[in-house]
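Below is one structure, written out as structure tokens, with a few remarks after it.
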Protein chains: 4
Amino acid sequence: MSRGNTRQRIQDVALELFSERGYEKTSLREIAEHLGVTKAALYYHFKTKEDIVISLFEDLSRPCDELIAWAREQQPGLETRLEVLRRYSEVLHDAHRLHRFMQENQATMRELSIGESFKERLVELLDIVRLPGADLSDQVRCSAALFTMHAGMFTLQGIEGSQEDKRRAVLEVAQDLLTTAHGRNGERTDAAAAGEPG
Amino acid sequence: MSRGNTRQRIQDVALELFSERGYEKTSLREIAEHLGVTKAALYYHFKTKEDIVISLFEDLSRPCDELIAWAREQQPGLETRLEVLRRYSEVLHDAHRLHRFMQENQATMRELSIGESFKERLVELLDIVRLPGADLSDQVRCSAALFTMHAGMFTLQGIEGSQEDKRRAVLEVAQDLLTTAHGRNGERTDAAAAGEPG
Amino acid sequence: MSRGNTRQRIQDVALELFSERGYEKTSLREIAEHLGVTKAALYYHFKTKEDIVISLFEDLSRPCDELIAWAREQQPGLETRLEVLRRYSEVLHDAHRLHRFMQENQATMRELSIGESFKERLVELLDIVRLPGADLSDQVRCSAALFTMHAGMFTLQGIEGSQEDKRRAVLEVAQDLLTTAHGRNGERTDAAAAGEPG
Amino acid sequence: MSRGNTRQRIQDVALELFSERGYEKTSLREIAEHLGVTKAALYYHFKTKEDIVISLFEDLSRPCDELIAWAREQQPGLETRLEVLRRYSEVLHDAHRLHRFMQENQATMRELSIGESFKERLVELLDIVRLPGADLSDQVRCSAALFTMHAGMFTLQGIEGSQEDKRRAVLEVAQDLLTTAHGRNGERTDAAAAGEPG
DNA sequence: CATGAATGAGCATTCATTCAT
DNA sequence: TATGAATGAATGCTCATTCAT
């Protein structure tokens, strides 16, 4: 029956269950039963339960890292930031199940090794998107741009519209928030951030 | 030693630990040890572990219910909605620990009876704040207004400013989002929501 | 049925099984079953499996420490050493089950925290009993005096004679070994050990 | 890479680990990893884990059997016994790793089939060396002669001197013990042991 | 108001072993 | 000769919960 794809199947089922019922409440027994194998089989493919989660996050980590690297190479400015949001929107969308898992298991994430490493990525993104010298409210706008996208997909559950339409709407609002913040602080702060003299 | 306030102390410690390390990862043994009592003592005051959580949520539920009831009595309109946001901001702030717990244990909340009942309240708030007929992007703005406040306090951790200043900045952004959405859709949709003919 | 003595009963059964079938081969399930309680009950009384062993060793550690302390206060010399052997013989005899456990689970002992701490005691006893400057063969005699007693009780299994008679016979041989070693090296080495000038 | 010597390498690593960390605590996975092969490879060469141990003991069993056979052919008497000790000293020394394993895993040995069969050999050696009708204390001397050699190598760890010097010192003491026992009981008991009438 | 003692169910993990390839 | 994939049974341990005192 299964042929070489068991590892993949474990990841699929694990992600399904982790995001559905939470990491702690999902036991390896459950995962194994869903797959029709023994718990021990899981251990042939992954060294620990946490390892399964880590392997899942590789899908999300790589594109994030690439996005951060790309952003670091660009001129800081509104253009770049808007593009970062656009790309991040896609990254989140591609890994929406995992993203939901993250979103709903924050307390757990904090204890997982991968949690820390992922939080760092988030902080970097925030750093890229934020306007350091700006008003508190504009800083909130920048953060909100990011977190609106995080919360976005689950926020609109009761509303009609295709998944893709929703994504675009969320992105629009996020970009709007950023643009607003920029409109009031942009030039000043970017110059400061770039370390340039007046 | 302490007299009669044990129930209160249990709630304090439980909330502390639940919000710090997550609901599932916090065992009754830990709570008991922090308090210097036996696990059995907890069972004198609460019937189950879940009961402790439920009792914690009463602090947050009552003000929410009152807020919802109050909003239902008002004329729908921007004024009312802005005031709802303002009041909700305070409610969240007063219960910020619990709120953090909610925020970080969403997966767990879904399995807890209180989770459902709290989600309903949220849906009601969303319903009050939202503009049903509006563009998707404006609906996102309305949701984002609410969720920005949810994420707000933890979003701004790395930034200087007093807790109260941050709260106000977050509120300002949330109200802004709502106002923007209104500006474009307001009159039409409110009439519709009120079920009134043109 | 059991009343307050469960902890004691656990220790008894554990020692029985540990010394009979070895530490690793004895599972907590077995111990629990022998007692007619659940595994979890064991954990009420002891924090870990290793903790059970540690508690068992307290019976042996205290008299050993006392013996060492006493010996350190005496004048080094044959008299003292013979008396150390005599007392040690009794200590071992009183804890013969535990002693057998130690004897037969040396590999395990090495991994147990208590193992190290017990080995140190042994080294101290050896140090007390040994003649540092003597011939190799006399040093062997001193060590053998101690280890003969260790091996003694199990060495004589096939032989008729009461337990007490055997103990005394073993002690006699051990003391003999020590006396022989002394006869040839005694005065010289004791002076040296005591750090006295000629 | 290696050709045909895998079986040998398994034995080497197994003995290394068994004697270092104990039989039960050493898993086949560990052995396999140390060798850079799969667990399954071990099963190509040995039917069970116990089989590995058995194969190891063949190195020790053959010389022991030969020693016993030789001794049975000799005239019982001090001469023979001293020679038995001398030869046994060499046998133990040649297989000192295995011997250490035996020494430190007695509890385990008792459960292994090879354990019983090895114990029988020991009993035979004891029988050869012992003086049946003698005082208890002299019987202890005979046993102690054997067991001093068993414990010997590990007894002298803290002491300076070459491995070979120590072996000879231990042998000397063992032979001394036997000679002492003989001196007092020799003639009588040997005649009895040989089943001869006065 | 609280404890001491215990339970039953469950968990993550490990192990020796098997077998088709 | 060996491996890749899996199993079944067990292990040490933790948890929420109960109840007589």
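The values are calculated or read from the model by the stated rules, or taken from the named source; none is laboratory data. The model shown is predicted, which means the values in this text are computed figures rather than measured ones. Note that each Cβ is placed from the backbone with ideal geometry, even for glycine, and that neighbours are counted across all protein chains shown.
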### Query
Of the conditions (1) under 27 Å from D:E116 (Cβ atoms); (2) more than 13 Å from DNA strand E (Cβ to nearest atom); (3) more than 14 Å from chain C (Cβ to nearest Cβ), D:L85 fails just one. Which one is it?
(3)
### Query
Residues of region C:88-102 being within 14 Å of chain D (Cβ to nearest Cβ) and either within 21 Å of C:D165 (Cβ to Cβ) or basic (K, R) (or both), which ones?
C:S89, C:R97, C:H99, C:R100
### Message
For region D:58-78, check the following and say yes or no: at least one residue is more than 30 Å from D:N185 (Cβ to Cβ), touching a Ser or Thr at 6+ places or on another chain (Cβ under 6 Å) and charged (D, E, K, R).
### Response
no
## Note on the structure
Reported set for region D:3-25 where residues are outside any helix (DSSP H, G or I) and within 21 Å of the chain's Cα centre (by Cα) is D:G22, D:Y23, D:E24
## Note on the structure
Picking from C:A71, C:A95, C:A107, the residue that is assigned by TED's automatic domain parsing to the domain that holds C:L177, within 16 Å of DNA strand E (Cβ to nearest atom) and not acidic (D, E) would be C:A107
### Query
Are any of the residues in region C:67-74 more than 16 Å from DNA strand F (Cβ to nearest atom), among the polar types (S, T, N, Q), without any contact (Cβ under 8 Å) to a residue 12 or more places away in the chain and outside any helix (DSSP H, G or I)?
yes
### Query
Can you pull out the residues in region D:1-37 that are hydrophobic (A, V, I, L, M, F, W, C) and either in contact with a Gly (Cβ under 8 Å, 6 or more places away or on another chain) or within 14 Å of DNA strand E (Cβ to nearest atom) (or both)?
D:I10, D:V13, D:A14, D:L17, D:F18, D:L28, D:I31, D:A32, D:L35, D:V37
### Task
Keeping to region B:103-124, report how many residues are more than 9 Å from chain A (Cβ to nearest Cβ), in contact (Cβ under 8 Å) with a residue 40 or more places away in the chain and within 10 Å of the chain's Cα centre (by Cα).
2
### From the options D:G161, D:G152, residue that is within 8 Å of chain C (Cβ to nearest Cβ), within 30 Å of D:K49 (Cα to Cα) and either surrounded by 15 or more Cβ atoms within 10 Å (Cβ to Cβ) or more than 14 Å from the chain's Cα centre (by Cα) (or both)
D:G152
#### Entry: Close pairs from region A:5-28: first among the acidic types (D, E), partner away from DNA strand E (no atom under 15 Å from the Cβ), Cβ under 8 Å, at least 6 apart
A:E16/A:R97
### Message
Just checking, does region D:55-63 include any residue being surrounded by fewer than 20 Cβ atoms within 10 Å (Cβ to Cβ), of a type in the set (S, T, Y) and outside the structural domain of D:L156 (by TED's automatic domain parsing)?
### Response
no
### Task
For C:R87, indicate whether it is free of Cβ contacts under 8 Å to residues at least 24 places away in the same chain and touching a helix residue (DSSP H, G or I) at 6+ places or on another chain (Cβ under 7 Å).
yes
### Task
Check whether at least one residue in region D:11-18 is aliphatic (A, V, I, L, M) and either more than 13 Å from D:R97 (Cα to Cα) or within 10 Å of DNA strand F (Cβ to nearest atom) (or both), and report yes or no.
no
